[in-house]
Amino acid sequence: MLLQRTRKSLLPPSTVRLSTCLPATVACRPFKYLFFVVIVSMSVKGLFAADLAEATKLVNQGKYDECIQVSSVAIEEGQYSETWRELKIRAQLATGQYAGALVTLDEALERYKSSVRMRWLGYRVCLFNGLPERAQELLDQIDELMDGGSWRYTDPASRIALGEFYLHRGVDAKQVLDALYNQVKKRSPDYAAAYTAAGQLALSKHDYALATEEFSAALKFDATDADIHFGLGVAIASSDSEKSEAAFQAALATNPNHVDTLLFLADQKIDAELYVDAKDLLDRAASVNMLDPRVWSYRAVLAHLENEPQIEEHYRRLALSWWSNNPEVDYTIGRKLSQKYRFVEGAAYQRAALSLQSDYLPAQSQLAQDLLRLGDEEGWKLAAEVYARDGYSVIAHNLVTLKDNLAKFRTLRADGFLIRMEAREAEIYGQLVVELLTRAKDQLCRKYDTTVADPVVVEIFPKQEDFAIRTFGMPGGAGFLGVCFGRLITANSPASQGSSPANWQATLWHEFCHVVTLQKTSNKMPRWLSEGISVYEERQANATWGQTMTPEYREMILSDALTPVSQLSGAFLSPPSAVHLQFAYYESSLVVEYLVEQYGMETVQRILTDLGVGLSINESLQRYAGSIDAIDAEFADYARDLARQFAPEAEWSQPQIEGDTSRAALASWLEKHPNNYPALHTYASLLMRERRWSEAEEVAKRLLKLNPGSVPVLSMLARVHREQDDLDAETKTLERIAELSPDRVVAFQRLVELATAGQDWEQVRKYGTSLVAVNPMLPAPHRSLAQAAEQLHDDRLAMVALNALLQMDPIDPADMHYRLGCALRRTGDLPAAKRHILMALEEAPRYGAAHRQLLEILAALADNESTSASAGDPAPAVPVDTEATN
């Protein structure tokens, strides 16, 4: 091939003959001679450009050794372009030939004395050769060269190098983007490297939308660069897993030795707890560059997760062997450990990274997040410092903004809990949150024989965006109700969930169960087991909580959607749909249920103890339940048996009706397939649409005979009974719904309405409480609860309900204050009773009943003071359990 020619043959024969056979008269014709020289020069220049393109392709294809060989030949033959040296150094760095890269750099700097590109590339070369002082000198030289004449560096490659240099120096990212990268794009619109550099900048700041835009543009101009495919894959990894995977595969198809892609895929395998696969990918990366510090960093992570601390430290030292002050090593290890919820260990690694380079922004940012997830307020200070240094940082900006919002929250303290809520929400249902968490702590800590460290911080956000920022560092995370980090729980309040909120009590119970199991295992448990226990414990606490078998889940279990237990944690990472994510939670809870049924609850507790002392999940399961392969097979049989037992008489295939799709045609088809569940459901819906209530009732009952626990069908039947004015039947059907579902607001509201009409105050209290457990921000259930509580002489409930109503701008606040004052008086809290009666009179000065109540309260207070004075007892102190967060 052309790139393998000797120096003489670099010129095509025709050009050589042209240059050596010039007639003697050419000396007398300088302009013609110049013409011939220009022709020769243009031919050679074009040839060299073609050679450079071929050499660049070798790098892009991962043929690093060939690129080094070709570049070396070109350099020896006197090729002037510094790109030859740049390509050679890039290939040497990619293969771990750090000493050779230093030799190439020295030769290049001797020839290109004013090159900023060589100096910026040389910075990394020197660091990997253990020469930090010389690396710093190269940066200083770039500053001097720019001071002496920046006008000399207007070529695109130099501008890109300068952009990276200025970012390293801490120059504002937007300035670099506008003044350098965008200017290059403007002058050279098809220069792919400018878009790639802009995309990498955006990725470093977690601006994935901009990164996607930039890498997509770069691909239009150069689809042969694996860096571009890789960058696009990273940019869309959290938003489109399928396209992201395709981008990574495109990168490896272009360059099978693309270490960045191999390491990112290994990172994902670690997240999915597929450690064998991760090791295989790391081995592939090591075969390209055995000395890449990131390879050894990830191996250290795996050693930590496998409870091999000596091997972990050995791998860390290998990662630092060539560049001893490389902060990326400890940052990478710590980041992955934090993603495994090992925030204490992760924070320690970030501090180690900062001890090597105190201004290393990625470590500062990660440490801020780690500390915040540990409930350490120092995290806010660190986030502010990161934002002050890097205003482009999306995460730092979001956290700083969030802190201002959190400062307005109310803080409740009780029994080892520190609960932060929006002030109005804290007044409405804060006490209910305290009571629920206290009950969960008592039951779950006793059941799992563990003590949780105080305080457990619980933050409940009325805005989903604030929840996402606190939890993930940036907006997103739609569908997540709550997250637990070990000692910190973040949750969406009902106010953030629109018209169909989930049961917040079930959410908090689920998340506090995580607190118990994570602390018992020192955060050393697989994702599937953690989630599985929490969903299982929801069902144990309340039969309506947690998930149960559905027709959709049945179909998924009996198809290929059932994930083996050994791979179940990966099902949470990139699910094809929201349904698949919910199914991962349900399947995990089934695994726990299977373990409890087959081996007993004590075995689950022993497994948690084993994990806490460092055994892997497979080792622990082997001790009590057999090999992981056996469990995979046995659980699959268990789950399929459950699925087959679900509505076993029903036929689940979709009806096949050709041509006529009318109700009559469906009825005719059902005569031959009377138990076809989808067809019956469709038929019932058609009958209801036509208001044929009696026929719809019959079909709904047929459906319930096949599947007695179907809440959607029960809801249909309740509607039918209401339309038929059959209140008794409607009530019984609604009560059945309430027994099966924790968040059917419409059913609860109707039950409260019916119970109130019948003055069945126990039922009003029962279903009003169910309503508040779903959405405490609605006034109606609190009004019903206050009325029922007064009828049942339940003063505690009356006080909670009336206090909530006062936060909701009631039409008659005087009445609310009066009734609350009366309830407080009955419980003996005379000072508070007096305060609310006075507030009633402030609203309605002629409120006679309030005047009489006030006189009686004053008399009682006077009697108490007289009794206390005669007994010499001090007045009781009023406990304070709330404070402003700031």
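Search the range 438-455 for residues that are in a helix (DSSP H, G or I) and pair each with any residue that is open to solvent by 30 Å² or more (accessible area, probe 1.4 Å) when their beta-carbon atoms are under 7 Å apart and the residues are at least 6 apart or on different chains. Pairs that qualify, where the first residue is in a helix (DSSP H, G or I) and the partner is open to solvent by 30 Å² or more (accessible area, probe 1.4 Å), are T438/D415; K441/D415; C445/T451. Can you confirm whether the range 130-152 contains a residue that is buried (at least 18 other Cβ atoms within 10 Å of the Cβ), farther than 26 Å from T95 by Cβ and touching a residue at least 60 places away in the same chain (Cβ under 8 Å)? No - not one qualifying residue is present in the range 130-152. On the phi > 0 side of the Ramachandran plot and modelled with pLDDT under 95: does that describe G709? For G709, the condition - on the phi > 0 side of the Ramachandran plot and modelled with pLDDT under 95 - is not met. Condition (residue is farther than 12 Å from Q749 by Cα, hydrophobic (A, V, I, L, M, F, W, C) and buried (at least 24 other Cβ atoms within 10 Å of the Cβ)) applied to the range 808-816: is it met by at least one residue? Yes, that holds for at least one residue. For the condition in contact with a strand residue (DSSP E or B) (Cβ under 7 Å, 6 or more places away or on another chain) and open to solvent by 30 Å² or more (accessible area, probe 1.4 Å), T451 does not qualify. Tell me yes or no: at least one residue of the range 303-314 is crowded, with 19+ Cβ neighbours inside 10 Å, assigned to a helix (DSSP H, G or I) and under 24 Å from the mean Cα position of the chain (by Cα). So far as the range 303-314 goes, yes, one or more of its residues are crowded, with 19+ Cβ neighbours inside 10 Å, assigned to a helix (DSSP H, G or I) and under 24 Å from the mean Cα position of the chain (by Cα).
Residues that are open to solvent by less than 30 Å² (accessible area, probe 1.4 Å) and either of a type in the set (D, E, K, R) or closer than 26 Å to Y360 by Cβ (or both) within the range 159-184 comprise I160, A161, L162, G163, F165, A173, V176, L177, L180, Y181, listed in sequence order.
Give the range 521-532 a look and list any residue that's in contact with a helix residue (DSSP H, G or I) (Cβ under 7 Å, 6 or more places away or on another chain) and assigned to a loop (DSSP other than H, G, I, E, B), or say none. T521, S522, K524, M525, P526, listed by residue number. For the range 403-429, a tally of residues being in contact (Cβ under 8 Å) with a residue 60 or more places away in the chain and not polar (S, T, N, Q) returns 17.
Screening G170 against (1) part of a helix (DSSP H, G or I); (2) more than 14 Å from R119 (Cβ to Cβ); (3) within 31 Å of the chain's Cα centre (by Cα) leaves a single unmet condition, (1). Restricting attention to the range 185-200 and to residues that are in a helix (DSSP H, G or I) and without any contact (Cβ under 8 Å) to a residue 24 or more places away in the chain, the residue that is surrounded by the most Cβ atoms within 10 Å (Cβ to Cβ) turns out to be A198. Test L518 against the stated conditions and say whether it is surrounded by fewer than 24 Cβ atoms within 10 Å (Cβ to Cβ), under 19 Å from the mean Cα position of the chain (by Cα) and assigned to a helix (DSSP H, G or I). Answer is yes for this residue.
Counting only helices (runs of 4 or more DSSP H) that fall entirely inside the range 661-724 and contain at least 2 residues that are closer than 22 Å to F646 by Cα, the qualifying elements are 677-689, 693-706, 711-723.
Table: residues versus (1) more than 17 Å from L371 (Cα to Cα); (2) among the β-branched types (V, I, T).
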residue: R424; (1), (2): yes, no
residue: G430; (1), (2): yes, no
residue: V433; (1), (2): yes, yes
residue: L437; (1), (2): yes, no
residue: C445; (1), (2): yes, no
residue: F472; (1), (2): no, no
residue: F480; (1), (2): yes, no
residue: V483; (1), (2): no, yes
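Within the range 677-705, restricting attention to residues that are open to solvent by less than 20 Å² (accessible area, probe 1.4 Å) and touching a residue at least 24 places away in the same chain (Cβ under 8 Å), which residue is nearest to the chain's Cα centre (by Cα)? The extreme case among them is Y677. Counting the residues of the range 318-356 that are of a type outside the set (F, W, Y), assigned to a loop (DSSP other than H, G, I, E, B) and surrounded by fewer than 22 Cβ atoms within 10 Å (Cβ to Cβ) gives 5. If you go through the range 140-171 and keep only what is within 16 Å of L121 (Cα to Cα), out of contact with any Leu (no Cβ under 7 Å at 6 or more places or on another chain) and of a type in the set (G, A, S), you end up with A157, S158, A161. Would you please name the residue that is nearest to the chain's Cα centre (by Cα), looking only at residues in the range 574-626 that are small (G, A, S) and part of a loop (DSSP other than H, G, I, E, B)? Among those that are small (G, A, S) and part of a loop (DSSP other than H, G, I, E, B), it is S574. In the set (1) open to solvent by 10 Å² or more (accessible area, probe 1.4 Å); (2) within 30 Å of L703 (Cβ to Cβ); (3) not in a loop (DSSP other than H, G, I, E, B), V535 fails one condition alone, (1). Selection over the range 828-839 of residues that are in a helix (DSSP H, G or I), open to solvent by 20 Å² or more (accessible area, probe 1.4 Å) and farther than 20 Å from I428 by Cα gives a count of 3.
If you take the residues of the range 360-402 that are out of contact with any Gly (no Cβ under 8 Å at 6 or more places or on another chain), in contact (Cβ under 8 Å) with a residue 12 or more places away in the chain and not in a helix (DSSP H, G or I), which of them is least open to solvent (accessible area, probe 1.4 Å)? Filtering first and then ranking leaves S393.
Listed here are the helices (runs of 4 or more DSSP H) enclosed by the range 216-271 that have at least 2 residues being under 19 Å from L201 (Cα atoms) and not hydrophobic (A, V, I, L, M, F, W, C): 226-235, 259-271. Scanning the range 205-226 for residues that are open to solvent by 50 Å² or more (accessible area, probe 1.4 Å) and in contact (Cβ under 8 Å) with a residue 40 or more places away in the chain yields H206, T224. When residues in the range 550-599 are screened for being under 19 Å from Y536 (Cα atoms), open to solvent by 10 Å² or more (accessible area, probe 1.4 Å) and in contact with a Ser or Thr (Cβ under 7 Å, 6 or more places away or on another chain), 1 of them pass. Of all residues in the range 401-426, those that are under 28 Å from D442 (Cα atoms) and of a type in the set (S, T, Y) total 1. If you go through the range 462-511 one residue at a time, how many are part of a helix (DSSP H, G or I) and either of a type outside the set (D, E, K, R) or more than 22 Å from P526 (Cα to Cα) (or both)? Of the residues in the range 462-511, 19 are part of a helix (DSSP H, G or I) and either of a type outside the set (D, E, K, R) or more than 22 Å from P526 (Cα to Cα) (or both).
The values are calculated or read from the model by the stated rules, or taken from the named source; none is laboratory data. The model shown is predicted, which means the values in this text are computed figures rather than measured ones. Ideal geometry is used to build each Cβ from the backbone, glycine not excepted, and the neighbour counts take in all protein chains shown. Ligands, DNA and RNA are excluded from the accessible area calculation, which covers all protein heavy atoms including side chains. Shrake-Rupley method; radii C 1.70, N 1.55, O 1.52, S 1.80 Å.
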